[in-house]
Amino acid sequence: MRIAMIGTGYVGLVSGACFAEFGLEVVCVDKDEEKIRRIESGDMPIYEPGLDQLVARNRAAGRLTFTTSTAEAVNGADAVFIAVGTPTRRGDGHADLRYVYAAAADIAANLRAPTLVVTKSTVPVGTGRSLLRFFRQQRPDLEIDVASNPEFLREGSAIDDFMRPDRVVCGVETERARELLGAAYRPLNLIETPILFTGLETAELIKYATNAFLATKITFINELADLCERVGADIQQVAKGMGLDGRIGRKFLHAGPGYGGSCFPKDTLALLRTAEQHDTQLRIVDTVVQVNEARKRRMVRKIVDACGGSVAGRTIAVLGLTFKPNTDDMRESPSLVIVPALQHEGARVRAYDPKGMREAAKLLPGVEFGSGPYEILEGADAMVLITEWNEFRGLDLRRVRQLMREPRIVDLRNVFDPLRVVREGFAYTSIGRPAVAPGIETVLPAPETTAEERDA
Ligand code: UDX
């Protein structure tokens, strides 16, 4: 089976390489010549663990090729996947479909035989059907079928998510589309992955509903963390106690500075716009979006309060800038709100992130970037941990204490054990956990979960 993948961004590149690993013949297309050249020389345009080896292996096996020519890619393809970006349209929150339609126009202009076109990009409900109409208009001579196959890939574990998904969703209109998608995902039958065949609109909505629900789950626990701080409860234990209920589940109950990234903020907004267009209220999702926005600003107050009410003239060392660990993606990261606000309040901000600094440097003017955590902590008045990279968990706190001007930690991801940090002589603020004063023995909190354990 041969497929074409239009767009070599995050989703296209990972999906293309993974389909090749499944044994399919995959041609990836991108208009950006420089990007194709880079990928072909082994330099991945994004940081995703294992992607470079996966691409190299499948290129060497001859199953994965790259081109800038849509004609070359789509001709002879059994299915053409559209995996281009659908960013938030400026001003109104709608998903911007211009790249999807540009790809569709390109496909329509170049196809010579009937083909199945599959949207992998996250597209609003109704897009698949309007693409069907579009193809009928453009190419009345050809039977172009359309299917929806949303992705559920998390950055940082995208390859594993593709290879071992919880489920695959395929929105199809014809038996032929069902057969083709069934064949593309056949290797997953071995691990008994549920493949859910639905109509087009249902598949499109499953994607948005999933992301909106996960964003709600995170926001729920974030608000409860605020209550924990007031009543002296521990959010880690509350989340564990809730999550052990099989109906709730433990994942996505880790309180923090608010969700970010390329999907949740964009997809929740786009879902709200879809609901509006169809005269339906999604009040829960609406509230989630607002609470999450406010939360990032609330984190600024938390930091300022921890510094005694003002950060003017203080040096703040920020550990972690990306929206989550194991990615270089800065999109909608809480750090993009928190860092400028601290600077606005007069703080001097130094920062370190294992992978995100190149991107962050473009977005965060005035920040001094260091080459490691200890470097930026030297002489700092506060350490603010925004992203829970594993390398921060093992920091030598004794050394940190000696380096800092004032031993103060604001841990926005509950990475550290409060008792231990306080015993090391730090003033410690975290999310939704009771304050621990030096000398006061409390019951040790449950061991912290790592991001991997949390999502396992
Ligand atoms: C998400 C979805 O998980 C994925 O299925 C979809 O296709 C794309 O969007 P991603 O954006 O890569 O993936 O990251 P994810 O791991 O889901 O985290 C999203 C945000 O939520 C991050 O900012 C993360 O820090 C935050 N988060 C996640 C929490 O604050 N607490 C949690 O318990 C989980």
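The values are calculated or read from the model by the stated rules, or taken from the named source; none is laboratory data. Keep in mind that this is a model prediction, so the values were computed, not measured. Cβ coordinates were reconstructed from backbone atoms using ideal geometry, including for glycine residues, and neighbour counts include every protein chain displayed. The accessibility values were calculated without ligands, DNA or RNA, using every heavy atom of the protein model including side chains. Shrake-Rupley method; radii C 1.70, N 1.55, O 1.52, S 1.80 Å.
Tabulated data
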{"read-out": "Residue in the range 237-251 that is most open to solvent (accessible area, probe 1.4 Å), counting only those that are in a loop (DSSP other than H, G, I, E, B) and without any contact (Cβ under 8 Å) to a residue 60 or more places away in the chain", "value": "Arg247"}
{"read-out": "Considering residues of the range 373-423 that are open to solvent by 40 Å² or more (accessible area, probe 1.4 Å) and more than 32 Å from the chain's Cα centre (by Cα) only, the residue modelled with the lowest pLDDT", "value": "Arg423"}
{"read-out": "Residue among Lys362, Lys296 that is within 29 Å of Ala215 (Cβ to Cβ), within 16 Å of the ligand (Cβ to nearest atom) and either crowded, with 21+ Cβ neighbours inside 10 Å or not small (Gly, Ala, Ser) (or both)", "value": "Lys296"}
{"read-out": "Boolean, Arg2 is in contact with a Pro (Cβ under 8 Å, 6 or more places away or on another chain) and either under 22 Å from Val117 (Cβ atoms) or charged (D, E, K, R) (or both)", "value": "no"}
{"read-out": "Flag if Asp166 is charged (D, E, K, R), more than 16 Å from the ligand (Cβ to nearest atom), part of a loop (DSSP other than H, G, I, E, B) and open to solvent by 80 Å² or more (accessible area, probe 1.4 Å)", "value": "no"}
{"read-out": "Failed condition for Ile107, given (1) surrounded by fewer than 17 Cβ atoms within 10 Å (Cβ to Cβ); (2) part of a helix (DSSP H, G or I)", "value": "(1)"}
{"read-out": "Selected residue (criterion: nearest to Leu385 (Cα to Cα)) from residues of the range 306-340 that are away from the ligand (no atom under 16 Å from the Cβ) and open to solvent by 20 Å² or more (accessible area, probe 1.4 Å)", "value": "Ala306"}
{"read-out": "Residues (in a loop (DSSP other than H, G, I, E, B) and closer than 21 Å to Lys296 by Cβ) located in the range 404-415", "value": "Leu412, Arg413, Asn414, Val415"}
{"read-out": "Residues of the range 199-235 that turn out to be over 20 Å from Phe252 (Cβ atoms) and assigned to a loop (DSSP other than H, G, I, E, B), as a count", "value": "2"}
{"read-out": "Test for Val285: is it under 24 Å from Asn222 (Cα atoms), within 16 Å of the ligand (Cβ to nearest atom) and crowded, with 20+ Cβ neighbours inside 10 Å", "value": "yes"}
{"read-out": "Gly128 vs. criteria away from the ligand (no atom under 16 Å from the Cβ), without any contact (Cβ under 8 Å) to a residue 12 or more places away in the chain and under 27 Å from the mean Cα position of the chain (by Cα)", "value": "no"}
{"read-out": "Residue satisfying condition, being out of contact with any Leu (no Cβ under 7 Å at 6 or more places or on another chain), in a helix (DSSP H, G or I) and not hydrophobic (A, V, I, L, M, F, W, C), within set Arg129, Arg112, Arg59, Arg90", "value": "Arg59"}
{"read-out": "Boolean, Gly308 is in the same structural domain as Thr322 (by TED's automatic domain parsing), in a loop (DSSP other than H, G, I, E, B) and in contact (Cβ under 8 Å) with a residue 60 or more places away in the chain", "value": "no"}
{"read-out": "The range 60-104, residues that are touching a Gly at 6+ places or on another chain (Cβ under 9 Å), within 23 Å of Ala183 (Cα to Cα) and either open to solvent by 60 Å² or more (accessible area, probe 1.4 Å) or not assigned by TED's automatic domain parsing to the domain that holds Thr119 (or both)", "value": "Arg63"}
